[in-house]
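Colleague: Dumping the structure here so I can ask a few things about it.
The values are calculated or read from the model by the stated rules, or taken from the named source; none is laboratory data. Keep in mind the model is a prediction, meaning the values are calculated, not measured. So basically every Cβ, Gly included, is an ideal-geometry build from the backbone, and we count neighbours across all protein chains shown. These area figures cover heavy atoms from the full protein model, side chains too; ligands, DNA and RNA do not enter into them. Shrake-Rupley method; radii C 1.70, N 1.55, O 1.52, S 1.80 Å.
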Amino acid sequence: MAEAANPADQVPVTVLTGYLGAGKTTLLNRILSENHGQKYAVVINEFGELGVDNDLVVDTDEEVFEMNNGCICCTVRGDLIRIVGGLMKRRDKFDGIIIETTGLANPAPVAQTFFVDDTVKEKTRLDAIVTVVDAKHLPQRLLDSHEAADQLAFADVIVLNKIDLVTPDELAAVEVQIRKINKFAKIHYSTKSNVPIAELLNQGAFDLNRVLVHTPDFLTSDEHEHNDDIASMSFEAKKPIDPERFNAWMGALLAEQGGNLLRTKGILSYEGDDRRFAFQAVHMIADGDFIGPWKEGEERTSRIVFIGRNLNRPQLRRGFESCQAI
Amino acid sequence: MSSTVSPDQVLQTRGTSRALDAFVVAASFDRAGTACAFALGDGGVVIKRRAGEDFVRSNVHEGAILALGTDPVSGGWITGGDDGRFNRVRPDGTDALIATHGMRWVENVASFTDGKTHLLACGVGKKAIIYNAKDEVVKTFEHPSTVTGVVFDPKGKRIAASHYNGASVWFVASRSDAPRKLEWKGSHIGLTMSPDGDCVVTAMQENSLHGWRLSDNQHMRMSGYPAKTRALSFTRNGKWLATSGADSIVLWPFFGGGPMGKPPTELAGGDGTTCNLVAAHPRDELIAAGFADGLVIIADIGSARILPVAAPGRGPISALCWSPDGSHLAFGTETGFAAVVDLSKR
């Protein structure tokens, strides 16, 4: 079958989410107009307005559909599958692809598209989900919508924008709120979306390596969280993981709780293998592959991260620990 | 021993080829079969005439060309591009705009002629738009979601379009603008119609095919593909539907009660490389196939014999077509290789 895709040939894709008015369009316009030496194809939605004329801007209707694979939460963006296929016909004309989603969009179908469609998977790699939030209005957004929290939960990178409109105390409070939902994303603070573009695009942020290396603390208490708020948790295991046990546990977990698990990512040390195994899932759709070897002398600690609703910390911890080879 | 025939021999001895330096999106001979056009990802159309060795380029679109078909009006070709243009390329290589659709991609084109009536069609967003020989819009058919394929029936009376949750069949001359809806849940990504106009078959996102027999509303499900089917091609007599998406040519029998309950016939399989495209010969029961490693072969359905045309190594096959008389085969690859092979008796 198809040969393993060479990551160097894969086009990096950045997904840009965020509420209307958060500063997404400002950021896009900066990416398109600033001189950073890279050319991006940009997929915007029907409500998008760009001030920049660019023949690589594609206007699309977000067409989400369910896959007929017996998995109810497996929805993908059919329009993106077509557009990525079309853009690949002039692959030499751009360095990366940026996909803007509508303000109210759930990021899951976009992310799942990169797991489910073989052509998309082979030709592109999801570089990062970037969520732009408005420091002033985020608290209200989190109160009145599900999507605002989902967009934060899915983020690899968060642009905390309009910080000039809040006091230092308000900013600190917003950050606490963000961290409650997503402990692991990198946060950029900005006014007028003035983030250094080079630190946003082609970062390999979706790459688990980085995510997990930057993960701050793994020593968390064992409180049982049981509510509809999104939380993030991480666990580690010192002993090597038995792949069969892990697959059985993860398979059952995703089948049972995939609806609540927004994102799952992990770097695993498999017993008897010198390579790191990277695992990730969006809801029930999972994917995994060996990535480079462990470094010489590096402690081979397996780590896993969950972001979702109704996470049962002791249960997840015990489950992961039981995957260790005896 | 070097007595084995090189898999590249047909291309070497009977082919004319060129590196075109852009993704070959599609290839098509004109209706008269005098020239073959290659549509490229950089917006160019390159024409190779039957006589001569030249590949002559015209710049037709601003971005990538997404679709190519024949043009009964000029005797040349029609093209759709991601610059929103629906264009005509005349046999001499000059081009003219048929219509522009702004930022919307023109992803599908089709045409029909019976010698008197000429019809052109393009799929743009959720619309399938039909034009007459004067490039005037005859009909605009709206669908619930983006059109992923358009095809005229063999008599030019109807046009079928695939989209999410099925396909729609419209009468071109109908006054009432309601289609016959062929429903099946899921994402349908392309379609074809049988030569007798009775069967519509779509390819689906989930690596399977779905079909409808119009005369008795029979559904047909054809599954088991490891990859998406990009090409659906009926043999001339309608007996076989050749398809890509497996590591062989998969042929579904449309006779003897099939394809329902019948296993498909597989040809040229076994080396683990995905068959990207297939094209049924316009006259005989032969199927040309192009693979992901660049291999091009011709398979004889009756004898299951395989004639290698081009060896692997020039990029994944992305375009494949026969001349109308079946004497020439053209193919192109994702990495810009293009060739026309003369298979006529010498």
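Colleague: Just the number, please: carbon plus sulfur as a percent of the accessible area of the protein assembly as shown, 1.4 Å probe, no ligands or DNA/RNA counted. Could the numbers behind the result be given before it?
Modeller: Working: 13660 of 27720 Å².
Exposed carbon and sulfur together represent 49 percent of the surface.
Colleague: Just to confirm, what accessible area per residue do you get for segment B:36-171 at 1.4 Å probe, in whole Å²?
Modeller: Value for segment B:36-171: 36 Å² per residue.
Colleague: Using 0.36 nm per residue of separation minus the Cα-Cα distance, give me the extension gain between A:Asp9 and A:Ser33 in nm, one decimal.
Modeller: Between A:Asp9 and A:Ser33, full extension yields 6.1 nm more.
Colleague: Once a ≥ b ≥ c are taken as the square roots of the eigenvalues of the Cα gyration tensor of the protein assembly as shown, is the result rounded (a/c under 1.5), prolate (a/b larger than b/c) or oblate (a/b not larger than b/c)?
Modeller: prolate
Colleague: How many angstrom lie between the Cα centre of segment B:19-38 and the Cα centre of segment B:208-264?
Modeller: After rounding, the separation between the Cα centres reads 27 Å.
Colleague: Please name which of A:Tyr189, A:Phe235, A:Leu261 has its Cα lying farthest along the dipole of chain A towards the positive end, using unit charges on Cβ (Lys, Arg +1; Asp, Glu -1) and the Cα centre as origin.
Modeller: Farthest towards the positive end: A:Phe235.
Colleague: In the full protein assembly as shown, how much of A:Glu175 is accessible to a 1.4 Å probe, in Å² to the nearest 10?
Modeller: 60 Å²
Colleague: When chain A is treated as a GNM, springs tying every alpha-carbon pair under 10 Å, which of A:Asp127, A:Asp150, A:Asp273 comes out with the largest mean-square fluctuation?
Modeller: Result: A:Asp273 has the largest fluctuation of those listed.
Colleague: Something else about it: Quickly estimate the mean residue ellipticity at 222 nm for chain B, helices only: each DSSP H run with n ≥ 4 gives -39500 (n - 2.57), and the total goes over all residues, rounded to 500. Walk me through the intermediate numbers first.
Modeller: Details: 1 runs with 6 residues, N = 346.
After summing the helix terms and dividing by residue count, I get -500 deg cm²/dmol.
Colleague: If you don't mind, there's one more thing I want to ask. Accessible area, 1.4 Å probe, largest first: how do A:Val133, B:Val138 sort?
Modeller: Largest accessible area first, the list is B:Val138, A:Val133.
Colleague: Then there's this: If DNA, RNA and ligands are ignored and the probe is 1.4 Å, what is the ranking of B:Arg346, A:Arg313, A:Arg91 by accessible area, most exposed first?
Modeller: Ranking B:Arg346, A:Arg313, A:Arg91 by accessible area, largest first, yields B:Arg346, A:Arg91, A:Arg313.
Colleague: While we're here: With only Lys, Arg, Asp and Glu charged, each at its Cβ (+1 for the first two, -1 for the last two), find how big the charge dipole of chain A is about the Cα centre; round to the nearest 20 debye.
Modeller: 480 debye
Colleague: Going by a 1.4 Å probe on protein heavy atoms, which residues of segment B:136-150 end up with at least 30 Å² less accessible surface in the whole assembly than in their chain alone?
Modeller: The answer is B:Thr146.
Colleague: Suppose every Lys and Arg Cβ carries +1 and every Asp and Glu Cβ carries -1, with no other charges. What dipole size does the protein assembly as shown come out with about its Cα centre, to the nearest 20 debye?
Modeller: It comes to approximately 1620 debye.
Colleague: Let me ask another. Going through segment B:123-210, which trypsin sites (Lys or Arg not before Pro) have at most 12 other Cβ atoms within 10 Å and a DSSP loop state? Spell out each step's value before the answer.
Modeller: Numbers: sites: B:Lys126, B:Lys127, B:Lys134, B:Lys139, B:Lys155, B:Lys157, B:Arg158, B:Arg175, B:Arg180, B:Lys181, B:Lys185; in loops: B:Lys126, B:Lys134, B:Lys155, B:Lys157, B:Arg175.
Hits after loop and neighbour filter: B:Lys134, B:Lys155, B:Arg175.
Colleague: OK, next. What is the calculated FRET efficiency for A:Asn312 to B:Thr265, with r their C-beta to C-beta distance and R₀ = 56 Å, to the nearest 0.05?
Modeller: Calculated transfer efficiency: 0.60.
Colleague: Can you work out the Karplus-derived ³J(HN,Hα) for every residue in segment B:47-63? Use 6.51 cos²θ - 1.76 cosθ + 1.60 with θ = phi - 60°, whole Hz, and x for glycine or proline.
Modeller: Karplus-based 3J(HN,Hα) across segment B:47-63 equals 10, 10, 7, 4, 8, x, 10, 6, 10, 9, 9, 10, 8, 10, 10, 7, x Hz.
Colleague: Give the accessible surface of segment A:7-206 per residue, rounded to a whole number of Å², with probe radius 1.4 Å and ligands, DNA and RNA excluded.
Modeller: 38 Å²
Colleague: Here's a follow-up. Calculate, for A:Asp287 and B:Asp342, the FRET efficiency according to 1/(1 + (r/R0)^6) with r their C-beta to C-beta distance and R0 45 Å; round to the nearest 0.05. Walk me through the numbers before you get to the answer.
Modeller: Numbers: r = 46 Å, r/R0 = 1.03.
So, using R0 = 45 Å, E works out to roughly 0.45.
Colleague: Go through B:Ser323, B:Gly272, B:Ala292 and say which Cα lies farthest out towards the positive end of the charge dipole of segment B:215-346; charges sit on Cβ, +1 for Lys and Arg, -1 for Asp and Glu.
Modeller: B:Ser323
Colleague: Here's something else I'd like to know. Give me Rg/Rg_expected for segment B:15-158, where Rg uses Cα atoms only and Rg_expected = 2.2 N^0.38 Å with N residues.
Modeller: Its radius of gyration relative to the 2.2 N^0.38 Å reference: 1.00.
Colleague: Hey, another quick one. If you rank A:Arg77, A:Arg245, A:Arg276 by how much accessible surface each has, with a 1.4 Å probe, what is the order from largest down?
Modeller: Result of the area sort, largest leading: A:Arg245, A:Arg276, A:Arg77.
Colleague: Residues of segment B:158-196 with accessible area at least 30 Å² lower in the all-protein-chain context than alone (1.4 Å probe)?
Modeller: Residues losing area: B:Tyr164, B:Lys185.
Colleague: Provide a list, ordered by number, of residues in segment B:56-87 showing at least 10 Å² less accessible area with every protein chain present than when their chain is taken on its own, using a 1.4 Å probe.
Modeller: So the qualifying set is B:Glu62, B:Gly63, B:Ala64, B:Leu66, B:Asp82.
Colleague: Related question: Only Cα pairs within less than 10 Å get springs; with that Gaussian network setup on chain A, which residue of A:Gln151, A:Gln280, A:Gln203 has the largest fluctuation?
Modeller: Taking springs between Cα atoms under 10 Å, the residue moving most is A:Gln203.
Colleague: On the full set of protein chains, 1.4 Å probe, figure out the accessible area of B:Asp198 and give it in Å² to the nearest 10.
Modeller: 30 Å²
Colleague: Over segment A:218-321, give the accessible area per residue in Å² for a 1.4 Å probe, as an integer. Mind showing how you got there, number by number?
Modeller: Numbers: 4940 Å² over 104 residues.
Computed with neighbouring chains in place, this is 47 Å² per residue.
Colleague: While we're looking at this one, here's another question. Show me you know the interface measure: the accessible area buried between A and B, both chains summed, probe 1.4 Å, in Å² to the nearest 100.
Modeller: So the buried area, both faces added, is about 2400 Å².
Colleague: Report the label-to-label distance for A:Asn45 and B:Lys155 in nanometres (one decimal), using points 7 Å from each Cα along the Cα→Cβ vector.
Modeller: Here the modelled spin labels are 4.6 nm apart.
Colleague: Related question: Just the number, please: percent antiparallel of the DSSP beta bridges in chain A, rounded to the nearest 5.
Modeller: Just about 50 percent of them are antiparallel.
Colleague: Cα gyration tensor of chain B, axes a ≥ b ≥ c as square roots of the eigenvalues: rounded (a/c below 1.5), prolate (a/b > b/c) or oblate? Write down the numbers at each step before the final one.
Modeller: Numbers: a/c = 1.71, a/b = 1.13, b/c = 1.51.
Because a/c hits 1.5 or more and a/b fails to exceed b/c, chain B counts as oblate.
Colleague: On full extension of the chain, what length is gained from A:Thr119 through A:Glu256, given 0.36 nm per residue of separation minus the C-alpha to C-alpha distance?
Modeller: 46.5 nm
Colleague: Here's another thing I want to ask about it. For chain A, what is the mean residue ellipticity at 222 nm derived from helices alone (per DSSP H run of n ≥ 4: -39500 (n - 2.57); sum divided by total residues; nearest 500 deg cm²/dmol)?
Modeller: Mean residue ellipticity, 222 nm, calculated: -8500 deg cm²/dmol.
Colleague: Taking the Cα centre of segment A:218-321 as origin, work out the dipole magnitude from +1 charges on Lys and Arg Cβ and -1 charges on Asp and Glu Cβ, in debye rounded to 20.
Modeller: 60 debye
Colleague: Something else about it: Of B:Gly269, B:Gly156, B:Gly332, which is the most mobile in a GNM of chain B whose springs link Cα atoms less than 10 angstrom apart?
Modeller: So, out of B:Gly269, B:Gly156, B:Gly332, the one fluctuating most is B:Gly269.
Colleague: Test of understanding: extend the Cα→C-beta vector of A:Leu104 to 7 Å, then name every residue of segment A:16-39 with backbone N under 12 Å from that spot.
Modeller: A:20
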